[in-house]
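To start, the structure under review is shown below, and the notes come after it.
The values are calculated or read from the model by the stated rules, or taken from the named source; none is laboratory data. Because the structure is predicted, anything quoted here is derived from the model rather than measured. Methodologically, a virtual Cβ is constructed for each residue, glycine included, from the backbone with ideal geometry; neighbour enumeration extends over all protein chains shown.
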Amino acid sequence: MELIAVFDFDRTLIKRDSMVLFFLRYFNFSWKNIPDLFRLSLETIKFFLKIYSQNQYNEKFLNLIVNSSRIKDPHKIADDFSKYLLKLIFRDARKRITKLKDDEYELVLLSASPDFYLEKIKDKLGFSKLICTKTNLNNGKIIIYGENCYGKNKIKMLLDEYKKKDVNWKKSYCFTDNKSDKHLLSLFGNAFVVNNKRFKKNNSKFGLLIWE
């Protein structure tokens, strides 16, 4: 049976949410882009009012940022952003990734964030598999398709790739920070909450890791 080690990305391998970092890094805060900033605020309100799905909102969010950016090519942004994020990976996370790889675990990067920048991070860190929200880059636009890899969808997408009968779940590992991943963690014999003491406090069956 396979041994796998599953890692979330945002606030697990890095300290912050990568979509927030994407906005801060690429949105061009200039007078001419004030209408885009207002539009972004309006799209966010529509999302919280459940007018948009998560995928619809994320697609609008990403494209508004790209349109305002000094770098108009999503491919160039993906290259730049992945290099930037790699510098933010926790040192302790890198050590754990290396150890589990040496122990012949199949490494899985499992995230709600989009593949257009996670794909390069997956390759650089030596992960075997990337399971995340899927995108196409077409005519300068980012198109999101398929399911948003969050909550129950995260478990479904993982189990589509790794059947329960084929994995030694008791000896496999999972690392995440988010309480939405509680049921995901419950699949694993080695389940760890990363840098979230409040989540761990209410779920004593999981281990706690403080990564820096």
Exercise. Tell me, which helices (runs of 4 or more DSSP H) wholly within the stretch 83-200 include 2 or more residues that are more than 30 Å from S69 (Cα to Cα) and touching a Phe, Trp or Tyr at 6+ places or on another chain (Cβ under 7 Å)?
Worked result: 91-102
For this session: Determine, yes or no, whether L130 is touching a helix residue (DSSP H, G or I) at 6+ places or on another chain (Cβ under 9 Å), modelled with pLDDT under 95, hydrophobic (A, V, I, L, M, F, W, C) and more than 15 Å from F175 (Cβ to Cβ).
Result: no
Seminar exercise, completed: If you go through F199, F192, the only one that is over 18 Å from N58 (Cα atoms), without any contact (Cβ under 8 Å) to a residue 24 or more places away in the chain and within 18 Å of the chain's Cα centre (by Cα) is F192
For this session: Within the stretch 1-53, track down each residue that is in contact (Cβ under 8 Å) with a residue 24 or more places away in the chain, surrounded by fewer than 17 Cβ atoms within 10 Å (Cβ to Cβ) and within 21 Å of G146 (Cβ to Cβ).
Result: M19, S53
Seminar exercise, completed: S204 passes all but one of the listed conditions (1) under 21 Å from I131 (Cα atoms); (2) hydroxyl-bearing (S, T, Y); (3) over 20 Å from the mean Cα position of the chain (by Cα); the exception is number (1)
Seminar exercise, completed: D123 meets each of (1) closer than 23 Å to L62 by Cα; (2) in contact (Cβ under 8 Å) with a residue 12 or more places away in the chain with one exception, condition (2)
Problem set entry | Identity of the residue in the stretch 170-186, over 19 Å from the mean Cα position of the chain (by Cα) and surrounded by fewer than 18 Cβ atoms within 10 Å (Cβ to Cβ), that ends up nearest to T98 (Cα to Cα) | K171
For this session: Only residues that are in contact (Cβ under 8 Å) with a residue 60 or more places away in the chain and over 20 Å from L85 (Cβ atoms): list them for the stretch 126-144, please.
Result: G140, K141, I143
Problem set entry | Among the candidates G189, G140, G126, residue that is loosely packed, with under 13 Cβ neighbours inside 10 Å and at negative phi | G189
Exercise. Could you list, in sequence order, the residues of the stretch 85-110 that are in contact (Cβ under 8 Å) with a residue 40 or more places away in the chain, under 15 Å from the mean Cα position of the chain (by Cα) and surrounded by 15 or more Cβ atoms within 10 Å (Cβ to Cβ)?
Worked result: L85, I89, F90, A93, L107, V108, L109, L110
